[in-house]
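See structure below.
Read-outs throughout are calculated quantities, based only on the coordinates presented, and are distinct from any laboratory measurement. Remember, it's a predicted structure, so these values are computed and weren't measured experimentally.
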Amino acid sequence: MEDEQAVLALAALAQPTRLQAFRLLVQNEPQGLPAGELARLLEVPQNTLSAHLAVLARAGLVRSQRHSRSIVYRADLTELQAVTLFLLQDCCGGRPEICAPVIESLTPCCPPKRKDKSRA
């Protein structure tokens with residue numbers, strides 16, 4: 001990742017509404033959220049949210065897909081991983097043992113959801 005792309009992503013997240021929107025989209029992976037639902041949850045007008053989502057999309061942090069009459073937004077976790085790895089790339093002046101706790105804490109917070117076979 002280039003410095004410019006990292007700065008763009010970090011700048012996009014350096015605004016409260018965009019940060020909240022991105023966190024909600026991460027929480028709702030992999031299905032994403034329709035724009036209207038996201039605006040409702042954040043209690044912001046849809047046109048305001050649209051501008052915020054455009055900034056996040058330009059930074060590569062969110063993707064959108066049209067479903068009938070609505071647009072569903074999803075967090076781009078690959079880009080988030082790239083930004084995180086960029087920040088840790090030269091971790092602690094070449095002493096990875098110092099950063100080991102940080103890196104260990106980046107393990108997935110939640111196990112993958114398993115389908116309940118009794119409902120099948």
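To the nearest 10 degrees, how steeply does helix 16-27 sit against the main Cα axis of the chain, on a 0 to 90 scale? Once rounded, the angle reads 90 degrees. Taking the C-alpha atoms only, the angle from helix 3-13 to the longest principal axis of the chain is near 50 degrees. A full extension of the chain between residue 68 and residue 47 corresponds to an added length of 5.6 nm, given 0.36 nm per residue minus the alpha carbon distance.
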